[in-house]
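The values are calculated or read from the model by the stated rules, or taken from the named source; none is laboratory data. Being a predicted model, the structure only gives us computed values, none of them experimental. Cβ sites come from the backbone with ideal geometry, for glycine too, and all protein chains shown count toward neighbours.
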Amino acid sequence: MRTGKRCRVYRQRLAAGRVKAYHGGPALARSTFPFLKMTTLKCVDDFRFHLGDKELVPIMIGGMGVDISTVELALEAARLGGIGHISDAMVPTVIDRHLKTRYVKDKLKLYKSNVTNLDDKSTVKFHLGELEEATRLHVRRAMDAKQGSGLVFINCMEKLTMNAPRETLKVRLNAALDAGIDGITLAAGLHLSSFGMIEAHPRFRDARLGIIVSSLRALQLFLRKSSRSGRLPDYVVVEGPLAGGHLGFGMDWAEYDLARIVAEIRTWLATEQIDIPLIPAGGIFTGSDATAFLEAGAAAVQVATRFTVTRECGLPDPIKQEYYKASESDIVVNGISPTGYPMRMIKSSPAIGAGTHPNCESFGYILDANGRCSYIDAYNREVAAHPGEKKVKVYDKTCLCTHMRDFDLWTCGHTTYRLKDTSVKQADGDYALLSAEHVFHDYQYSRNGQIQLPG
Ligand SMILES: Cc1cc2nc3c(=O)[nH]c(=O)nc-3n(C[C@H](O)[C@H](O)[C@H](O)COP(=O)(O)O)c2cc1C
């Protein structure tokens, strides 16, 4: 369907009452970003993201580990002309679930005798050949099925230290390039050596490489270090304090503002005469929020929360209802992730206080270079404090691997409490799930802060 026709369909739906306008109508459209000028004239579809030889719809669906941004979700973004992300978090586990492989079982079998050893996990290593194979299988699942003019990228977390940070990261990055991924977004960490790990790869110059930062300083550090490879990132995602997952801020996150950080980075890049497309992320909830950033000079936007309630999202359906039903006070930022980064989540997440026995022999993705994880320390402390008790509670840290794998750490963006405004409540009290296409098009075509309801 051509753009003009889509806009006409949108206007017809608006007239039929299938579109929700916030706060009494277009003139009072609600924005999360008071520092940005809201336009009443344009929509996202009036802009294009030029990335190398590609002309894209300027909508990028962010990576959501572990398998929350599924292959299916990423493929929809690509089919619709934008960019979708798969995630490289815990890929062997994810691939076991989809392809019935046995990476986790085999690893547990190999290290079973160490399960009760809660003092030393340094011997529990990933098999690099298997990690490479699993990453290739994961990426190929996406790339073999890709249709449309858009792109599929992989979100690569440096903080997945896997008891051998350099070796495992190098394998994951190179395997993703081998398997034909369109691009890599370097996330969760400073990634000061990541370019160096792939500069010998034949696709180093033609694959699209980007980085996520939350401050000008982080970007400056990265650019200084990566300049040795003679290559700039192709895009920079500027992630603000309202995003889901781990945050690049301290517990003072609320004092920061995405629009201001983007403006600061843009000014510095202009002064240095460095031309890199900027992609704001975090709290961009409506097409008008996105348009305001595009009008202010952003190349595209990265969004995620709105897609957590789509059928293509990997969260189990009952958990999608938890996202819909969450109120603003249900959403917290806390320090329970053993990565050391603050993380946003729904406060009724079963992972909080669970006191799970560490599962490093099966998983072990957060073990540092010395085989340590702050969750094990917290768990050991509680076991020592409660002798004889079969099950302990641990509130200050969580077993991130187990709970992300089981979808019971409900990480989410700040705007999750607004998801209920994007759908309709059904007779049983549940909200209707959306299609990724519906949400993508709502971002692409909506104006005046309006949100199109399903139907
Ligand atoms: C459920 C969820 C999981 C996420 N997981 C990751 C992740 O694994 N890695 C990452 O870099 N960003 C992660 N993010 C951040 C998104 O990729 C994205 O940048 C951000 O959430 C966009 O803001 P929005 O959710 O307000 O649209 C996650 C976000 C959500 C909502």
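Note on the stretch 297-321: among residues that are assigned to a helix (DSSP H, G or I) and in contact with a helix residue (DSSP H, G or I) (Cβ under 7 Å, 6 or more places away or on another chain), the one that is surrounded by the fewest Cβ atoms within 10 Å (Cβ to Cβ) is K320. Can we say V44 is within 16 Å of the ligand (Cβ to nearest atom), crowded, with 24+ Cβ neighbours inside 10 Å and free of Cβ contacts under 8 Å to residues at least 60 places away in the same chain? Spelling it out, it is not the case that V44 is within 16 Å of the ligand (Cβ to nearest atom), crowded, with 24+ Cβ neighbours inside 10 Å and free of Cβ contacts under 8 Å to residues at least 60 places away in the same chain. For the stretch 422-450, the set of residues classified as within 15 Å of V309 (Cβ to Cβ), touching a Gly at 6+ places or on another chain (Cβ under 8 Å) and buried (at least 22 other Cβ atoms within 10 Å of the Cβ) consists of F440, D442, Y443, listed by residue number.
When the stretch 245-287 is filtered for residues that are within 13 Å of S214 (Cβ to Cβ), part of a helix (DSSP H, G or I) and in contact (Cβ under 8 Å) with a residue 60 or more places away in the chain, the ones remaining, listed by number, are W253, L258, R260. Scanning the stretch 370-399 for residues that are in contact with a Leu (Cβ under 7 Å, 6 or more places away or on another chain) and of a type outside the set (S, T, Y) yields a total of 3.
The requirement of being modelled with pLDDT of 95 or more and not in a loop (DSSP other than H, G, I, E, B) is fulfilled nowhere in the stretch 13-21; no residue meets it. Are any of the residues in the stretch 61-70 touching a residue at least 60 places away in the same chain (Cβ under 8 Å) and in a strand (DSSP E or B)? Checked the stretch 61-70: at least one residue is touching a residue at least 60 places away in the same chain (Cβ under 8 Å) and in a strand (DSSP E or B).
Quick grid of which residues meet (1) more than 13 Å from the ligand (Cβ to nearest atom); (2) touching a residue at least 12 places away in the same chain (Cβ under 8 Å); (3) part of a loop (DSSP other than H, G, I, E, B):
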residue: E361; (1), (2), (3): yes, yes, yes
residue: G364; (1), (2), (3): yes, yes, yes
residue: R372; (1), (2), (3): yes, yes, yes
residue: G388; (1), (2), (3): yes, no, yes
residue: V392; (1), (2), (3): yes, yes, yes
residue: T415; (1), (2), (3): no, yes, no
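Evaluating D289 against the criteria (1) within 14 Å of the ligand (Cβ to nearest atom); (2) acidic (D, E); (3) touching a helix residue (DSSP H, G or I) at 6+ places or on another chain (Cβ under 6 Å) leaves one unmet condition, (3). Can you tell me which residues in the stretch 176-205 are away from the ligand (no atom under 15 Å from the Cβ) and either closer than 28 Å to P338 by Cβ or modelled with pLDDT under 95 (or both)? Across the stretch 176-205, the qualifying residues are I181, L192, S193, F195, G196, M197, I198.
Kindly indicate whether any position in the stretch 117-125 is more than 14 Å from the ligand (Cβ to nearest atom) and part of a helix (DSSP H, G or I). Within the stretch 117-125, not a single residue is more than 14 Å from the ligand (Cβ to nearest atom) and part of a helix (DSSP H, G or I). Close Cβ contacts (under 8 Å, 6 or more residues apart or on different chains) running from residues in the stretch 300-321 that are under 13 Å from A243 (Cβ atoms) to residues that are more than 12 Å from the ligand (Cβ to nearest atom) and among the acidic types (D, E) comprise R306/D442. Among the candidates K397, K391, K347, K425, the residue that is farther than 30 Å from A78 by Cβ and at pLDDT below 95 is uniquely K391. Each residue in the stretch 122-150 was checked for being crowded, with 23+ Cβ neighbours inside 10 Å and aliphatic (A, V, I, L, M), and 3 of them qualify. What is the residue count in the stretch 41-73 for residues that are at pLDDT 95 or above, of a type in the set (A, V, I, L, M) and within 22 Å of T291 (Cα to Cα)? Final tally of qualifying residues: 7.
Against the list (1) at pLDDT below 95; (2) more than 15 Å from the ligand (Cβ to nearest atom), the condition R30 fails is (2).
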